[in-house]
Structure formats: C-alpha cells, structure tokens
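The values are calculated or read from the model by the stated rules, or taken from the named source; none is laboratory data. What you see is a predicted model; the values in this text were computed from it and never measured. All Cβ positions, even for glycine, are placed from backbone atoms using ideal geometry, and neighbour counts span all protein chains on display. When the accessible area is computed, the model is the full protein with side chains, heavy atoms only, and any ligands, DNA or RNA have been set aside. Shrake-Rupley method; radii C 1.70, N 1.55, O 1.52, S 1.80 Å.
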Amino acid sequence: MRSSPQQDKPKARGSASTQQPDLKDRGGSYLNHHFETAKVSWQRLMATPLATLMTLMMIAIALSLPGVLYVGLQNVEQLGQRWQGSAQLSVFLADALSEAEGRDLAQQLSDNSQFSQLSYLSKDEALAEFKAYAGFGNALELLKENPLPAVILITPSTDYLLSDDLSNLTQQLLSLDGVDDVRVDMDWVQRLQAMVTLGQRTVLLLGLLLALGVVLVVGNTIRLEIQNRRDEIIVVKLVGGTDSFVRRPFLYTGFWYGIGAGLVAWLLVQLSLWYLGTVVDRLIQLYHSEFQLQGLGLGATLLLMLIAVTLGSGGAWLAVLRHLRAIEPR
Amino acid sequence: MIRFDNVSMRYPGGHEALSRVSFSLERGEMAFLTGHSGAGKSTLLKLIMLMERASQGQVFVGDQNLNRMAVDQIPFLRRKIGVVFQNHQLLFDRSVFDNIALPLQISGYEKSSIGRRVRAALDKVGLLNKEKLNPILLSTGEQQRIGLARAIVNKPQVLLADEPTGNLDPQLSAEVMGLFHQFNQVGVTVLVASHDLDLISRMPHRCLTLQQGRLADA
Ligand SMILES: Nc1ncnc2c1ncn2[C@@H]1O[C@H](COP(=O)(O)OP(=O)(O)OP(=O)(O)O)[C@@H](O)[C@H]1O
Ligand SMILES: [Mg+2]
C-alpha cells in the first residue's frame, strides 16, 4: 500500500479461485514436509538440551534395565547348555573298598562303550584336588582323617545326554557292589535351566512394566509440549491444517526420543556388560572354563532400537490422540 | 458464495447469539457486517469458518452445505477462506515471514514458491522490510496488517475480516479498507465485520447490520 503506486491498481489476474499448488509445486513436497518436520522437531529438542537429556535418560534407563538382565540370563543359559553337553557322573565308592579294588572297578567300567571318558581318583587324590581348587586346604588340615571318598568320574557318551537315559545309567551304577552313591551333574544343570526360565519370565514382566513406564514418560512429555504449543496448534487449525499435519511434529518428537533413548540404552547395556565381564572373567577362570560374556548382538541391538522407537512413537501417539482433540479454535 | 438460511446459533451457555439470520453474498461481492459489541458479528464469521456450527438453519459456502460437512473436510474449507482475526492470532515464536508462510506450508507448497508468495503478500500490506522480525516487535497496526498478509497469501476465494481496523489510525484504516476493496476487485468475495460506520459509509458496498443477533434491514 505505501510501497509502490502500482499496487493501487492491481492487474486483474484472472480468477481469484483458490490456487491449489500445481503438481510440479507439490512433487516431492510431501516427503519434503516430512523431512522438514522431523528436522524442526529435532531442533526443538536440541534447543532445550538439558530437559531433553533428562527425559532421554529416564527412558534409556527403563530400557536398559531389562536389557542387561535379559543379556545376563542369555549368557547363563548358554553356559548351562555348554555344561549340559558334558554331563558328568561322579560314582562315589564305599570306604570299605581298597584302592586296588577301586581301580579294578574303574578298569571294568572303562571297557564299557557307554562311557566316553573315565578316571579314578583315590581318596588322597580327591583330597588333593579339593584342596587345590576349593581353597579349603587349611580347614581340611584340621581333620584327622580324610573325609572324602574315592571317586570314579565318568563322562557318558553323547548317547546318554537325555535325562531318562542318564537316570537308567545311574540306577545301573548304583546297583554295583562297592558303589555308595552316584551324582549326576545334570541335576544342577536342570535346576539352572528352571531358574533361567523363571528369570526370563521375571525379566519379561519387568520389561512390560517398564515399557508402560516409557510410554507414560513420553506421553507426559508430549502432553506438556502440546500445552506449550497450544497457540500454534490453534492457528494451524484456523488456516486449514489437517489433523495429521498438526500431529506430525509431536509424533516425530516421540520418534526422536525413541531413537535417542534406544542408542543411550544400548550404550548403557554394553557398558554394564563390559563391567560385569571383568567380574565374570575372574569367576570363569576359577572354573577353568573358556567362556566369553556375550554382549548385544546385531539382532538384539536392532530389536532394542525397534522397541525404543515403537514405545517413543506410541507414547507420542497416545498423548496426541488424547490431547490434540481438545484444542480447537474458538 | 456465502448463504445463510434462517440460521440460529445458541452457545452452550444458552445465549442465543444469532437468531434466524438469512442473507446471501454473491461470488465476487463485498459487504460489511456491523452491529454493537455482542451483536453476533464474530459468531457469524465463525459459522462460515466452521469454528462453530449453527444450531438451526443452513450455512452454505460455495455450493457446500456446511451442516453436512464432515470434520475431516473442515481444513479444506478453511484453506479456501482467508481470515483476519479480531485478535490477530500471530505466533510470536517465529518471524513475520514464517507466520505468513504457514498457510502455504500447510497446503504443501515448495520452498521457493513460498518465498515468492510471502513477499508478494507482504508487499501488498506494505511491510516487505519487516519479514525477518518477530511480530511481537511490531506495532498493533502492523501486526494486524501481517494478519491480513497471512489471510491473502494463499489466494483464497473468500476473505473474512473481524475488526481489521480496530487498532489503526484513520488514515491507515482507510488504506486497509482500500486493500479489501482491491482484493474484491480481483474477484475475491469479501465480508468485513467493523464498527467503523464512518469509514463504511464511504465505501460503495452493502452493509449487513446485526442487532442482538438479528439481521436488521438497512
Ligand atoms: N463461546 C461463547 N460461549 C457463550 N457465549 C458466547 C461465546 N462467544 C460469544 N458469546 C456471546 O455471544 C454474543 C455474540 O458474541 P460475538 O463475539 O459474536 O459478538 P461481536 O458482535 O463479535 O462483538 P464485538 O464487537 O465485541 O466483537 C455475545 O453476547 C457473547 O457474549
Ligand atoms: Mg467480535
């Protein structure tokens, strides 16, 4: 108006009908808009780094807790499986049996094709071994007599890995003269397996609860964000913004929280495992086993990210569903 | 273009803001809407925008019956209508440019054509040099003109204005009214609610007068 005189006499520009952006204009515009919205949502998060970080950490911790437990159990289970492959029978001999008789019995048994490995430990050898590995040396010195029985250690051939076959074998061995007791290490492995299963259920339950927590944290954060941007939402609706246009930035915010928290959670899990790994290594050495603590593999990492993104976006979605409707221009 | 057929509007509180209002505005026509404060001017404009729905009667925009319009169609109705609000409704978290660009972004324009159109709109209201400022820094009159620029940037078929000269000095008021006249000249249907009877009387347009929610014959 004050600018140029030619404004006063506008050229009649044909019709005043609403000009929808022509196709060329719209081309990649939809994708572009998504990209822009994602970028703006990201920038908004970065504009308040401390608040963003705190929310992110809350979500990440909730995600990493079941993550660490899950990986821990996975490792224990793997360890169990490894030992299951080498179930061992300890055949304890009666004290009445002399060392020579004991070696005889071992000799007889070793002809048996059911066993892949067999060794005889006399009372003295058993004591020596026990002292060396269990660290009870001094305590045992106090005893006048060697309390340990002689033992034949048997590794059954791989045909005898099923527990039914193993218990048959145990019965046979028990019925032999001079055998006091037979222990199957398998018992322990089965107990471990049961505990792992219980643990997995617990982790699953804990995980579900924490997932709900994550959804609520994201939902609440987005709710506050929606309240803060109330004016903007009203104006956007007034000038013709569709519901999905209004929703989009908030959904992207949830998406970013998910991605960010997923990455931080991954880092937390790996750090925890690395720390636990140093402890486990010492423990493992004590049992002369070659065992490597497994971290999050590629599959588990992707799963973690997927869960994080789903929970982040889901929380945002719930907040948006619940709170955007209420904001209408009046 | 705009037709009211025996329209009544009762707010939830029970107050009847409009009763049995009937009028029609041809495509390309311009009219003023006057009346005392509380007479129902803003309410009438809100019905056209579907910010409220009529309690009785029919409202038509173009050939669309707004009573039958589904909620998910409302945004597309609003894209056809440019509105200058009584309380300007500008966003103070972004620049003048971004405020005016908003309707274009919503309709899905490319960045380059957004720039061109925003500057054209700013040029029309004479505020081309303020594009980078935050609107909170502008005077009330300037804010109102930014609101006008946003209303026309999408080249709407219908232009509504609620007290667009409320905060302007007489000369600026006349210029803004002149702008509405200009848009009408290129074919836009214009409806302006205003108190400024003096100014209105000097314009060659029809005047609808509301008295306590009823349309008086002028
Ligand atoms: N949301 C609402 N709920 C209840 N009553 C309302 C609402 N909005 C407006 N009213 C009432 O409806 C009547 C008409 O209001 P409206 O805003 O349309 O008047 P107006 O002519 O625009 O007045 P002004 O010139 O002061 O802007 C008024 O009496 C007002 O109190
Ligand atoms: Mg009003």
For this session: Please identify the pairs in which a residue from region B:36-51 that is within 11 Å of chain A (Cβ to nearest Cβ) has its Cβ atom under 6 Å from the Cβ atom of a residue that is in a loop (DSSP other than H, G, I, E, B) and within 10 Å of ligand 1 (Cβ to nearest atom), counting only partners at least 6 apart or on another chain.
Result: B:46/B:52
Exercise. Restricting the search to region B:124-141, which residues are assigned to a helix (DSSP H, G or I), open to solvent by less than 40 Å² (accessible area, probe 1.4 Å) and out of contact with any Phe, Trp or Tyr (no Cβ under 8 Å at 6 or more places or on another chain)?
Worked result: B:141
Seminar exercise, completed: All conditions in (1) out of contact with any helix residue (DSSP H, G or I) (no Cβ under 6 Å at 6 or more places or on another chain); (2) more than 21 Å from residue B:159 (Cβ to Cβ); (3) surrounded by 15 or more Cβ atoms within 10 Å (Cβ to Cβ) are true of residue B:15 except (3)
Exercise. Which helices (runs of 4 or more DSSP H) sit wholly inside region A:1-102 and have at least 1 residues that are at pLDDT 55 or above and more than 14 Å from chain B (Cβ to nearest Cβ)?
Worked result: A:29-47, A:49-84
For this session: Tell me, yes or no, whether region B:175-184 has at least one residue that is surrounded by fewer than 16 Cβ atoms within 10 Å (Cβ to Cβ), away from ligand 1 (no atom under 16 Å from the Cβ) and either at pLDDT 90 or above or within 14 Å of chain A (Cβ to nearest Cβ) (or both).
Result: yes
For this session: Kindly check whether there is at least one residue in region A:211-222 that is more than 14 Å from chain B (Cβ to nearest Cβ), open to solvent by 70 Å² or more (accessible area, probe 1.4 Å) and without any contact (Cβ under 8 Å) to a residue 12 or more places away in the chain.
Result: yes
Problem set entry | Qualifying residue in region B:159-168 (condition: facing chain A (nearest Cβ under 10 Å) and crowded, with 24+ Cβ neighbours inside 10 Å) | yes
Problem set entry | Test: residue in region B:153-170 that is assigned by TED's automatic domain parsing to the domain that holds residue B:32, farther than 30 Å from residue B:60 by Cα and in a helix (DSSP H, G or I) | yes
For this session: Could you figure out which of (1) away from every other protein chain (no Cβ under 11 Å); (2) within 26 Å of residue B:187 (Cα to Cα); (3) more than 13 Å from ligand 2 (Cβ to nearest atom); (4) at pLDDT 90 or above isn't true of residue B:77?
Result: (1)
For this session: Give region B:189-198 a look and list any residue that's open to solvent by 10 Å² or more (accessible area, probe 1.4 Å) and either at pLDDT 90 or above or farther than 23 Å from residue B:18 by Cβ (or both), or say none.
Result: B:198
For this session: Go through region B:5-35 residue by residue and tally those that are of a type outside the set (Ser, Thr, Tyr), within 14 Å of another protein chain (Cβ to nearest Cβ) and within 16 Å of ligand 2 (Cβ to nearest atom).
Result: 2
Problem set entry | From the options B:159, B:138, B:199, residue that is away from ligand 1 (no atom under 16 Å from the Cβ), among the aliphatic types (A, V, I, L, M) and more than 13 Å from the chain's Cα centre (by Cα) | B:138
For this session: Scan region B:86-111 for residues that are more than 9 Å from chain A (Cβ to nearest Cβ), open to solvent by 20 Å² or more (accessible area, probe 1.4 Å) and of a type outside the set (D, E, K, R) and jot them down.
Result: B:86, B:87, B:88, B:95, B:97
